[in-house]
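Inspection log for the structure reproduced underneath, given as structure tokens.
No value in this document is a laboratory result; all are computed from the given coordinates. Since the model is a prediction, treat every value here as computed from it, not as a measurement. As a convention, Cβ positions derive from the backbone with ideal geometry for all residues, glycine included, and neighbour counts pool all protein chains shown.
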Amino acid sequence: MRTSLCSSINKLEVCQGPDCFGGGGGAAILEMEELLQEYEANCNVELVRGGCRNFCTMGPNVHYSSSEMPQQHFTKVQTVEDCAAIIHQLVVSVGAEDDLKATTAREPIAIRMMRKKAERQRWEFLRQVARVKRKQHDKKKNDIHDNPNSNAALRTQLEQVMTREMSAAKEDPNLVERAQRRNERFHVLLESM
């Protein structure tokens, strides 16, 4: 039987300082936000944009605090896989990460390679979304109008990402459903920009 880690009040803080953001902190917060939406019914997690904690050379950094667990600090959170490992370790339930690794280990190597390529492409998409969102935020503060072409380019990039993800997931109906839910969430994200 698994022990739930979601019974306490949990706070996940992703550094958005210049070094961490440039290294992928914006993508990390978007990926973790998307992962948390998958587990929304099970967890009480507040995901926040954090300030610098002076670990700039080891960023992007993620800090976890809980009312029932010791604080944890994660450095070099630079991939989709890093974000998933943090969410599985802290938010899902004890043992979930082992199940994930066991599933991955049974996959043919060609499928794993396709999935890794899809994850890298998704990470780059999220980095670009974070950059555009930051630029839009800065322009709103300075009352400058936005360039509509940036959203069109992101939509095109999202189509490419989802094509690759669906191709990598086609062997597993659960992964196909997951990719479809992710696609819907990303479209909502782009519509909100």
Most to least packed among 77-83, 184-190 [average Cβ atoms within 10 Å] | 77-83, 184-190
Applying the Karplus parametrisation 6.51 cos²θ - 1.76 cosθ + 1.60 with θ = phi - 60° to the phi angles of segment 110-118, what ³J(HN,Hα) value in whole Hz is obtained for each residue in order, glycine and proline being reported as x?
-> 5, 5, 4, 5, 4, 5, 4, 5, 5
Sorted by mean Cβ packing within 10 Å, highest first, what order do the peptides 28-35, 45-52 take?
-> 28-35, 45-52
List the residues whose amide H sits under 5 Å from the amide H of ARG53, counting only those 5 or more places along or on another chain, with H placed 1.01 Å from N in the peptide plane.
-> none
Label-to-label distance, nm, for residues given as LYS170 and THR57 (7 Å Cα→Cβ offset) = 4.7 nm
Fully extended contour minus Cα-Cα distance, from ALA85 to LYS139, at 0.36 nm per residue = 16.0 nm
Would you mind calculating the gained length between HIS73 and ASN183 on full extension (0.36 nm times residue separation, minus the Cα-Cα distance), in nm to one decimal?
-> 36.6 nm
Output ³J(HN,Hα) for segment 18-35: one whole-Hz value per residue in order, computed from phi by the Karplus curve 6.51 cos²θ - 1.76 cosθ + 1.60 with θ = phi - 60°, and x for Gly and Pro.
-> x, 5, 5, 4, x, x, x, x, x, 5, 4, 5, 5, 5, 5, 4, 5, 5
Once amide hydrogens are built 1.01 Å from N within the peptide plane, the residues lying 5 or more places from LEU47 or on another chain with amide H under 5 Å from its amide H are LEU12
